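Step one of this worksheet: look at the structure below.
Derivation of every value follows stated rules applied to the coordinates shown; laboratory data play no part. Owing to the predicted nature of the structure, the values given are computational and were not obtained by experimental measurement. Counting neighbours? That spans all protein chains shown, and the Cβs are built from the backbone with ideal geometry, glycine included.
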Amino acid sequence: MKQKLLKILYKFLAFCSRIYLVRTKPIVIWVTWSVGKTSCRLVVSQVLEQVQNEKIIYTSPKNYNSELGLVFSIFKIEEYNPSFKNLLRVSWLIFKKSLLQKKQYDILIAEYWIDSPRDMDFLLSIMKPYIGVLTKLDSVHSENFDRGITELWEDKFKLLLASKNKVYFNAWDSFALENSSLLSCSYEKIFASTPKADLKHGDKGIFQKFLYKKKSISVNLLGEENIEYTVLALKIAGEIWFKIERENYDFHFNLQPGRFSIFERNENIFIDSSYNASPESMKKVIENTKLIQQKIYQNHKIIYVLGDMREIWEERFSAHESLAQLIQDWESVILIWPDMYKYLLPKLKEGIFTGDIHSTLSAREGWIHLKKYLKDNSECAYIVLFKGSQNTIFTEEALAVQLLAAQRKNLPRQTEDWMKKKDEFFKSL
């Protein structure tokens, strides 16, 4: 009975959303895929905000990318405690807003995430994008699709087919290239020729500098992917309303916690990428960590604290095992949860590496080992990377104890509810 009521409520909320969008007519930019969608969405929104002062840009500060989350993004609802009672209350609020609320934004940047067949059909029934963006496909979230990543791709491709004005997709995505003739609007490939960037360290921290159309661009984010998202945002800006005319742009981005945040403590560099993990994102953060070491912290040694990658269907074995080829340069490695030491650990032991390896079921056990290792080897300086999926792994707990209280506030999942949930989980082990 409850499921039937929820289904009715979802349809009602979709109806309210359509009413509001028809009344206010915002430009909608939708970002989807498996890797980088949240970072891409935030970079695009913040570039658009910083290059102009005429249009009102909105994207939710939350990770609202499901059916309900999309509705919340449309109506700028940013606080919600899941319960049937609260959903009824919010539904009534949304109904009133759909009829009475004035236009809140000119451009809405939304994020799509699907984890089962037909999710995309429901999302597209609410609205169709003016511009559609696909970042990069990965096998994460494909476990609920009978045909795995292929079926997931086909569902996500519906977003491109529904886009009204322009589509941007990854140049290295073979499925998108093969099916681009089906698109009803123009398209452009991203990651086709990413500008070469210089990595620098200044008073405000680490940043990248590059040229785009003879313009000097500076960003306080690392990695080739963030250069590409910045360029994408500039292209979208020109697509919507203006040409890039200034000679220099210095973009400062505020991304969500756990997305390659850098902390300095006792001469050590801690990199927090603990929000979540998939094979492609794991590869990217490892590459970015190595780049930081090579360009800025040459005297630092690398320690990896890696948790399982979840929701990747039958690729669990190969995805974890393949990491052995990426992390051959560590001083120490801490593996958290079964898949890491079931699949990755044997491959590490096959190699020539003779350094320190520690495996555990708990991130909090991991920090005990890490803290001791750093203390015992205090004559050295380290770069420590933290990465893992969020469900029952909580890799950030291995980092929290290394930081000051003020720094810990910038880690993911630090609210009272989350800390209570984590305490209960770790006690159950």
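Tabulated data
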read-out	value
Unit charges on C-beta of K, R, D, E only; dipole of the stretch 261-428, Debye	260
Most positive-pole-ward Cα, L234, L361, G223, against dipole of the chain from beta carbon charges	L234
Whichever lysines have a C-alpha closer than 18 Å to that of K25, once near sequence neighbours (fewer than 8 apart) are set aside	K55, K76, K96, K97, K102, K103, K128, K164, K166
Lys, Arg +1 and Asp, Glu -1 on Cβ, resulting dipole of the stretch 10-251 about Cα centre, debye, nearest 20	1080
Shape call, the stretch 159-270: gyration tensor on alpha carbons, a/c limit 1.5	prolate
Ratio Rg/Rh [Cα only; Rh per Kirkwood] for the chain	0.97
Sites matching trypsin sites (Lys or Arg not before Pro) across the stretch 233-326 that sit in DSSP coil, with at most 16 neighbouring C-beta atoms within 10 Å	K243, R246
Cα coordinate range in the stretch 261-428, projected on the principal axes (Å, largest first)	43, 41, 26
Residue-span extension gain [E178 to N81] - 0.36 nm each, minus C-alpha spacing	30.7 nm
Cα-based convex hull, the stretch 273-358, per residue volume (Å³, whole number)	90
Cα lying deepest toward the dipole's positive end in the chain, options M340, Y10, I327, charges on Cβ	Y10
Fewest-first sequence of F95, F84 by Cβ atoms within 10 Å of each Cβ	F84, F95
Ellipticity estimate at 222 nm from DSSP helix runs (n ≥ 4, -39,500 (n - 2.57)) divided over the chain, nearest 500	-12500 deg cm²/dmol
Kirkwood Rh and Cα Rg combined as Rg/Rh, the stretch 1-111	0.98
Selection of GluC sites (Glu not before Pro), the stretch 49-98, meeting DSSP coil and at most 12 other Cβ within 10 Å	E54, E78, E79
Taking the chain and dividing mean pair separation by its residue count, relative contact order in percent (alpha carbons under 8 Å, at least six apart)	14
Low-density loop cleavage sites - trypsin sites (Lys or Arg not before Pro) in the stretch 37-117, where at most 10 other Cβ are within 10 Å (DSSP)	K102
Value in Å of the Kirkwood radius, where the stretch 320-396 supplies the Cα pairs that are averaged	13.1
For the stretch 222-292, alpha-carbon Rg over 2.2 N^0.38 Å	1.38
Extension gain, E424 back to F15 (0.36 nm per residue minus Cα-Cα distance, nm)	143.3 nm
For S163, residues with placed amide H under 5 Å, excluding near neighbours	none
Dipole magnitude (debye, nearest 20) for the chain, charges at Cβ of Lys, Arg, Asp, Glu	1720
Ascending count of other beta-carbon atoms within 10 Å, so fewest first, for H300, H252, H320	H252, H300, H320
Note, ³J(HN,Hα) from phi for the stretch 39-45, Karplus 6.51, -1.76, 1.60, rounded to Hz, x at Gly and Pro	4, 4, 4, 5, 5, 4, 5
All Cα pairs of the stretch 10-251, percent lying beyond 21 Å	59
Cα lying deepest toward the dipole's positive end in the stretch 10-251, options L160, F191, Y58, charges on Cβ	Y58
Anchor K235: aspartates and glutamates whose Cα lies under 13 Å away (excluding residues fewer than 8 positions away in-chain)	E188, E245
For T38, T135, T395, order by how many other beta-carbon atoms lie within 10 Å, fewest first	T38, T135, T395
Nitroxide proxy distance, nm - points 7 Å out along Cα→Cβ at D250 and L93	3.9
